[in-house]
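Data first, discussion second: the structure below is written as structure tokens.
The values are calculated or read from the model by the stated rules, or taken from the named source; none is laboratory data. On a predicted model such as this, the values are computed, not experimentally measured, just so you know. Don't worry about glycine lacking a Cβ; one is built from the backbone with ideal geometry, like all the others, and counts go over all protein chains shown.
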Amino acid sequence: MPPTFAAGMDGGSGMDMKPAAKAMKTPQPVSAEVRKIDPAAGKVTLKHGPIMNLGMPPMTMAFPVKDPAMLANLKEGDKVSATFDNVDGRITVTDLRK
């Protein structure tokens with residue numbers, strides 16, 4: 001009886017996990033607040049909500065931006081929508097909108 005139970009658990013978990021894992025890999029916009037802008041370094045410090053596709057909890061940290069032009073019209077305190085992804089092994093802001 002236990003082997004059947006274990007096999008059922010493994011099979012059920014595998015089927016349930018695959019769609020969830022795939023869905024979590026798609027980058028989604030995250031609400032954030034601009035705390036600091038460093039155009040010379042191409043970075044922005046954001047206080048952000050959970051980044052589901054990367055498994056990150058809410059926090060405040062500096063991120064490189066994919067395109068430094070995204071920083072041009074920002075100021076500290078702006079509420080933004082940021083999309084994050086893993087680019088060359090670094091968590092990067094790939095899209096940033098007011």
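From the list T92, T60, T26, which residue is modelled with pLDDT under 95 and of a type in the set (V, I, T)?
T26
I need the full set of residues from the stretch 57-86 which are in a strand (DSSP E or B), of a type in the set (A, V, I, L, M) and closer than 14 Å to R35 by Cα, in order please.
If the condition is that a residue be in a strand (DSSP E or B), of a type in the set (A, V, I, L, M) and closer than 14 Å to R35 by Cα, then M59, M61, A62, V80, A82 are the ones that fit.
Only one of these conditions is not met by T26: (1) of a type in the set (V, I, T); (2) exposed (fewer than 14 other Cβ atoms within 10 Å of the Cβ); (3) touching a His at 6+ places or on another chain (Cβ under 9 Å). Which number is it?
So T26 meets the others, but not (3).
When the residues of the stretch 27-78 are narrowed to those that are polar (S, T, N, Q) and touching a residue at least 40 places away in the same chain (Cβ under 8 Å), which ends up farthest from D95 (Cα to Cα)?
My answer is S31.
Output the residues belonging to the stretch 59-91 that are of a type in the set (K, R) and closer than 15 Å to S31 by Cα.
K79
From K47, K18, which residue is at pLDDT 95 or above and either basic (K, R) or in a helix (DSSP H, G or I) (or both)?
It is K47.
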